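See structure below.
The values are calculated or read from the model by the stated rules, or taken from the named source; none is laboratory data. The model shown is predicted, which means the values in this text are computed figures rather than measured ones. Because the Cβ atoms are built from the backbone with ideal geometry, glycine has one as well, and the counts that use them run over all protein chains shown. These area figures cover heavy atoms from the full protein model, side chains too; ligands, DNA and RNA do not enter into them. Shrake-Rupley method; radii C 1.70, N 1.55, O 1.52, S 1.80 Å.
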Amino acid sequence: MKILVGIQGTGNGHLSRCHALAQAFIAEPSLEVDYLVSGRAREKLFDMECFGDYQWRQGLSFQVREGRISVLDTISQNPWAQFWQDVRDLDLSSYDLVVTDFEPVTAWAARRQGVRCIGLGRQYAFFKQSAALPTNILQRSMLRQFAPCDTAVGMHWEDIGAHVLPPLIHHIPNAEPILGHEILVYLPFEPLPQVLALLQSFPEYQFSVYHPETQRANHGHIQCFAPSRQGFAEAFARAEGVIANAGFETASEALAYGKKLLVKPLSGQFEQLANAHCLATRRLASVMESLNGNYVEQWLEQRSSVRMEWPDVGPVLATWLASGAKDSVQSLHERLWQSTHRIALSA
């Protein structure tokens, strides 16, 4: 069985999820797997060794200005002609199956060439209407057209439908919650000066800030770091809590390890707004609509968190794909959600 996995490189969550999937593929010797990454400049990708000699395309991505999705920039700055050329040029004749984690070049090439495509990842949870993830028909249509697929395998924190599985978590060693005053901050879509200003008022806490606009820097109780998978994992393991945008993967990792969580959804990004709505209504995390010190202060004083105990999804998916993905997604859904538990933690 030969598979091409397409990875949307815009957000680190897609890469983290596919790292976990690549690790699970190791136990399936019948699989031959290639990878294609798009959505981020190649020189800005990091810790990519597990994907071997991966292919890269420019792809498509949402453009962000001052912490908000810019529709005008998204339309004007994406390389549409190059994208369609890449779709036409990508030869899938040697592959039995395409798996896309919301990567559009592989998804559209598979549609053009009649190769079965499985959409695997967070965005595919939105393909069907759900009260837990409020979106309108236009937004769901946009998601379906961005990276279309034949079989949708979405992911969510709780069971909301037969097309949805628990999160695929990149496991982090020694990451049990530590009661202390160390906080991990990952707000890559917010302007760095605003993030630093937000944290200045809390000198009794130690903040580890990972941000694409910085290198290693010491600001007293605030330590800044460039993106690094290993460094991020180490800071995550030490942290009592996490402050992040409302992306799916970072929130999932925090919930899996019982870290208290404060999220700030990216303005104008309906997926993040839906994520934040769900986290708040299900009391899985706290939400701030803007970078507001009052929200941070209240959250820092909080001593309770939630741990979600999910099964190890990666090996199940790897085995399913190695067999040609013949069983229904509903059968995977029923099997995996049976062993999921929610645990309330307190200091």
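Things worth noting here:
- Search result, residues across segment 87-103 that are touching a residue at least 40 places away in the same chain (Cβ under 8 Å) and either open to solvent by less than 10 Å² (accessible area, probe 1.4 Å) or closer than 14 Å to Leu36 by Cα (or both): Leu90, Leu92, Tyr95, Leu97, Val98, Val99, Thr100, Asp101, Phe102, Glu103
- One residue stands out among those in segment 104-122 that are part of a helix (DSSP H, G or I) and crowded, with 23+ Cβ neighbours inside 10 Å: the one that is nearest to the chain's Cα centre (by Cα), which is Arg122.
- Test for Tyr95: is it of a type in the set (Phe, Trp, Tyr), part of a strand (DSSP E or B) and at pLDDT 95 or above: no
- Segment 133-155, residues that are closer than 24 Å to Leu336 by Cα, within 18 Å of the chain's Cα centre (by Cα) and in contact (Cβ under 8 Å) with a residue 40 or more places away in the chain: Leu133, Ala152, Val153, Met155
- If you go through segment 179-188 and keep only what is farther than 16 Å from Ala226 by Cβ and either touching a Cys at 6+ places or on another chain (Cβ under 7 Å) or open to solvent by 10 Å² or more (accessible area, probe 1.4 Å) (or both), you end up with Leu179, Gly180, His181, Glu182.
- Filtered by the rule that a residue be within 29 Å of Phe62 (Cα to Cα) and either polar (S, T, N, Q) or open to solvent by 10 Å² or more (accessible area, probe 1.4 Å) (or both), segment 235-247 gives Asn245, Gly247.
- Scope segment 252-277; condition in contact (Cβ under 8 Å) with a residue 40 or more places away in the chain, buried (at least 22 other Cβ atoms within 10 Å of the Cβ), among the hydrophobic types (A, V, I, L, M, F, W, C) and within 16 Å of Glu158 (Cβ to Cβ); matching residues: Leu255, Leu261
- Residues located in segment 193-232, provided they are open to solvent by less than 20 Å² (accessible area, probe 1.4 Å) and assigned to a helix (DSSP H, G or I): Val195, Leu198, Leu199, Gly231
- Selection within segment 1-20 - under 23 Å from Phe232 (Cβ atoms) and in contact with a strand residue (DSSP E or B) (Cβ under 7 Å, 6 or more places away or on another chain): Val5, Ile7, Gln8, Gly9, His14, Leu15, Arg17, Cys18
- Residue that is surrounded by the fewest Cβ atoms within 10 Å (Cβ to Cβ) [pool: residues in segment 1-49 that are among the acidic types (Asp, Glu) and assigned to a loop (DSSP other than H, G, I, E, B)]: Asp47
- For segment 219-244, the tally of residues that are over 23 Å from Met48 (Cα atoms) and either β-branched (Val, Ile, Thr) or free of Cβ contacts under 8 Å to residues at least 60 places away in the same chain (or both) stands at 7.
- Residue selected from segment 236-251 under the condition more than 15 Å from the chain's Cα centre (by Cα) and of a type outside the set (A, V, I, L, M, F, W, C), by the criterion farthest from His156 (Cα to Cα): Arg238
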